[in-house]
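Read through the structure below, which is laid out as structure tokens, and then see the notes.
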Amino acid sequence: MSKPLKVAIAGLGTVGVGVVKILETHKDLIRSRCGRSIEVVGVSANNRARDRGVDISGYQWSDNALDFAGQDDIDVVVELIGGSDGIAKELAQKSLAAGKSFVTANKALVAHHGADLANTAQEAGVALRYEAAVAGGIPIIKSIGEGLAANELNLVYGILNGTCNYILTTMEATGQSFEEVLTEAQRLGYAEADPTFDVDGIDTAHKLAILSSVAFATETDFEHVYTEGIRRIEAVDIEYAREIGYRIKLLGITRLTEKGLEQRVHPALVKKNEPIAQVEDAFNAVVAEGDFIDRTFYQGRGAGQGPTASAVVADIIDIARGHTGPAFFVPSGELKKAAPVPISEHEGACYIRLHVQEKPGVIADITSILKEHDVSLDVMLQKGHEQDGSVYVVLVTHKIQEKILSEALNRIGELSSVQEEPLAIRIENL
């Protein structure tokens, strides 16, 4: 049997503790599955004395995780610290350059620096692995990069943030407002005290940038991911969407076309009978479409100690088996620099919610502007008489270019009868 694989873990938060638990609980199973044992030889975190529920007394402790990069008795460095820069980035660069394989759950790090780190790993002949960075316990990186390797993919999309999916499904089930459900999600631990990364779509955008690179062999390009969150979604939108046969989901969508790479994150109306519409609570799901497999669908828990730690350990096992191929499944020098497709060029149907004063001529003004911009309507609903004499007007357009619709909505928003900025939610016929 081969010599043990020696691992150091930087970061002993929820996921780091989960990694230790799995490696200890299943050490015999793991040894039989990869032909060698995996041993944790070093750990690092902010507070050595903290009770984490696992015994770390048998591991070498380091106050500075960067020490691991220079230790000869370490084969793999596992980074569970977080953040796109700072110590996480420095640890990745130094570990890879020193000839140590690197495993991370850090989506921000890979989204911002994936191409550079992949090149460093390739030059050193070691592995860079990040399965846990996207969709938690769903093995989506390996599924796309290996299982679907015989296909030319044309579309990848999914629900990549459990917090947002929990909020939207709870709003639908209870009729509560976004703020009410967010507060409850924070109490239950589904949402952070500062939920910005989740509810504003940034977390999903990081994951989508990674999926784009894996699916289309392009350099990671987080900067050009169009990103829009769910803060403006109200209970009335969920109610109206249901009335016309849709549910609202926060989706990450990526495709490579002749125009370039389209990457967008935003709320979307999806038909209620679509599999992606049935994904509820804090679950994630990813759909990949290719020329020979048609459509594949993956669903599971996208966060939490067990699912995320499971993905981290799976990467370590891969390295123990000797798998040190390219991080994005093609040589780093072959990653394409794709031109970004701006959101203004997107075409599709759209749901529009307007909050207007209930008085004669309002609808005529709105439809006149839409006509001037050649915006064709499929549905118009007038709903809910408010105490202040206002109503909601809900419109569903036919297919229209985003730039044109945006110009029309800007004009409508300037009308004195319109009481708040119009809300537009794209309709995705997947």
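Please treat every number below as a calculation from the coordinates, not as lab data. The structure presented is a predicted model; accordingly, all values stated were derived computationally and were not measured. Every residue, glycine among them, receives a Cβ derived from its backbone with ideal geometry; neighbour counts consider all protein chains shown.
Summary table below
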| item | result |
| --- | --- |
| With eigenvalues of the C-alpha gyration tensor scaled by 5 and rooted, segment 1-114, Å | 21, 17, 14 |
| Least to most buried among MET171, MET380 (fewest other Cβ within 10 Å first) | MET380, MET171 |
| Label-reachable residues, segment 203-231, where backbone N falls under 15 Å from a point 7 Å from THR257's Cα toward its Cβ | 226 |
| Estimated [θ] at 222 nm from DSSP helical runs (n ≥ 4, -39500 (n - 2.57)) normalised by residues in the chain, nearest 500 | -10000 deg cm²/dmol |
| 3J(HN,Hα) from dihedral phi, segment 260-271, Karplus parametrisation 6.51/-1.76/1.60, rounded to Hz, x for glycine, proline | x, 9, 9, 9, 9, 10, 5, x, 8, 8, 10, 4 |
| Equivalent ellipsoid semi-axes, segment 207-288, via Cα gyration tensor eigenvalues times 5, rooted, Å | 26, 14, 12 |
| R0 of 41 Å, Cβ-Cβ distance PHE292-LYS27: FRET efficiency to nearest 0.05 | 0.55 |
| Nearest-20 debye value, segment 345-427 charge dipole, Cβ charges on Lys, Arg, Asp, Glu | 200 debye |
| Dipole-positive endmost among VAL356, LEU415, VAL393 within segment 345-427 (Cβ charges, Cα centre) | VAL393 |
| Segment GLU243-SER2, length gained on full extension (0.36 nm per residue, minus Cα span) | 80.6 nm |
| Total charge dipole magnitude, the chain, about the Cα centre, Cβ charges on Lys, Arg, Asp, Glu only, Debye to nearest 20 | 1220 debye |
| Only Lys, Arg (+1) and Asp, Glu (-1) charged, at Cβ; segment 140-301 dipole about Cα centre in debye | 320 debye |
| Binned Cα-Cα distance frequencies in segment 33-176 - 5 Å width, integer % | 2, 8, 14, 17, 18, 15, 12, 7, 5, 3, 1, 0 |
| Segment 322-391: trypsin sites (Lys or Arg not before Pro) falling in loop per DSSP and having at most 15 other Cβ within 10 Å | LYS337 |
| Chain lengthening between ALA97 and GLU347 when straightened (0.36 nm per residue, less Cα-Cα) | 85.6 nm |
| Normalised convex hull volume, the chain, alpha-carbon set, Å³ per residue | 148 Å³ |
| Calculated FRET value between VAL54 and GLU90, using beta carbons and R₀ = 22 Å, to 0.05 | 0.25 |
| For segment 140-301, alpha-carbon Rg over 2.2 N^0.38 Å | 1.03 |
| DSSP bridge orientation in the chain - percent antiparallel, rounded to nearest 5 | 65 percent |
| Cα centroid separation - segment 392-430 against segment 34-88, whole Å | 51 Å |
| Under Karplus coefficients 6.51, -1.76 and 1.60, residue-wise ³J(HN,Hα) of segment 17-26 in Hz, glycine/proline x | 5, x, 4, 4, 4, 5, 5, 7, 5, 10 |
| Sum of side-chain charges, ILE202 neighbourhood, beta-carbon under 14 Å (Lys, Arg +1; Asp, Glu -1) | -3 |
| ³J(HN,Hα), Karplus 6.51/-1.76/1.60, whole Hz, each residue of segment 83-89, x for Gly, Pro | x, 6, 10, x, 5, 4, 5 |
| Diffusion coefficient, µm² s⁻¹, Stokes-Einstein with Kirkwood Rh over alpha-carbon pairs of segment 345-427 at 10 °C and 1.306 mPa s | 125 µm²/s |
| Label-point separation in nm, ASP63 to GLN186, each point 7 Å along Cα→Cβ | 3.5 nm |
| Semi-axis lengths (Å, descending) of the ellipsoid that matches the C-alpha gyration tensor of segment 237-388 | 42, 22, 13 |
| For ASP378, residues with placed amide H under 5 Å, excluding near neighbours | VAL396, THR397, HIS398 |
| Alpha-carbon centroids, segment 91-124 and segment 201-255: separation in whole Å | 26 Å |
| Filter on LYS249/LYS359; LYS142/LYS259; LYS107/LYS142; LYS6/LYS89; LYS142/LYS337; LYS207/LYS337 - keep pairs with C-alpha separation over 24 Å | LYS249/LYS359; LYS142/LYS259 |
| Gained length - HIS373 relative to GLU146, 0.36 nm times residue gap less alpha-carbon distance | 77.1 nm |
